[in-house]
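Right, one structure below, let's go through it.
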Amino acid sequence: MLKALVFDFDGVIVDTEAEWYYIYKEWLKKTYNYDLKVNDYLVCVGANSQNLFRFIKKELGDHVPIEEFEKEATQEYIERTNRLPAMEGVKELIVRAKSKGLKLAIATSATQKKPVTQLKRLGLLDYFDAFSTAELSENIKPAPDIFLKAAELLDCKPEECLAIEDSLNGLIAAQRASMPCLIVPNMITKDSPFTGYYKMVNSLKDIDLSEIESYFLKKE
């Protein structure tokens, strides 16, 4: 039986992934005349920036002050993302899910401040019952910890929850947690080699909760 929806945040609730990519891409092009490809950026999507840092230093050398740049870029990121609307279909799905009595959680490799700030800005914060963030787990995605913690906070079994993800790292984390996963790819993640997911949709507006509930009932 479906009891909860567990949302990733970046790229699912708000299209923040594209903003980070363009900030890095513009800086690397301007400073080093280096063209950062989307496929290379994907190493950090759903996880954190450390994989990307290692890749950039391997390409350009250890002298690249990437960690310092990220600190400077954070303010630009905040300014860009504070203007962004919720992704298509997000608000409608959240309202429908709560009307059906489903619990809602955020499961993200980011720290809690980011989703809480953005959800409050969008008027969606009070719909969520739990936040499973980097502070609460020893390992981030693609490890299963963040999804397992989300299920624990919701007082649900992982198999009673539907993970909603946009990234390969997120899908792998959900699979390792035994949580069915719906994929809603975005411009950054659309060419990722997704396999083994429950379903893929182009937009959250395309989600049919009755169909999902039937799927979970058939699994029992």
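We did not get these values from a lab; they are worked out from the coordinates using the rules stated. Note that this is a predicted model, so its numbers are computed, not measured. Because the Cβ atoms are built from the backbone with ideal geometry, glycine has one as well, and the counts that use them run over all protein chains shown.
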For every helix of n ≥ 4 consecutive DSSP H residues, a contribution of -39,500 (n - 2.57) applies; sum these over the chain, divide by its total residues, and give [θ] at 222 nm rounded to the nearest 500 deg cm²/dmol.
-13500 deg cm²/dmol
Give the separation of the Cα centroids, the stretch 113-135 to the stretch 149-220, in Å.
19 Å
If contacts are Cα pairs under 8 angstrom and at least 6 residues apart, what is the relative contact order of the stretch 16-81 in percent?
32 percent
Relative to the first principal axis of the alpha-carbon coordinates of the chain, what is the inclination of helix 145-154, with its axis defined by its Cα atoms, in degrees from 0 to 90 and to the nearest 10?
40 degrees
For the chain, what's the relative contact order in percent, using C-alpha pairs closer than 8 Å and at least 6 residues apart?
27 percent
Three-way shape label, the stretch 108-216, alpha-carbon gyration tensor, a/c 1.5:
rounded
Out-of-range pairs (alpha-carbon distance over 21 Å; input Lys91/Lys219; Lys37/Lys58; Lys91/Lys149; Lys98/Lys190; Lys91/Lys205; Lys29/Lys141):
Lys91/Lys219; Lys91/Lys149; Lys98/Lys190; Lys29/Lys141
Where the only charges are on Cβ atoms (+1 Lys, Arg; -1 Asp, Glu), what is the dipole of the chain about its Cα centre, to the nearest 20 debye?
240 debye
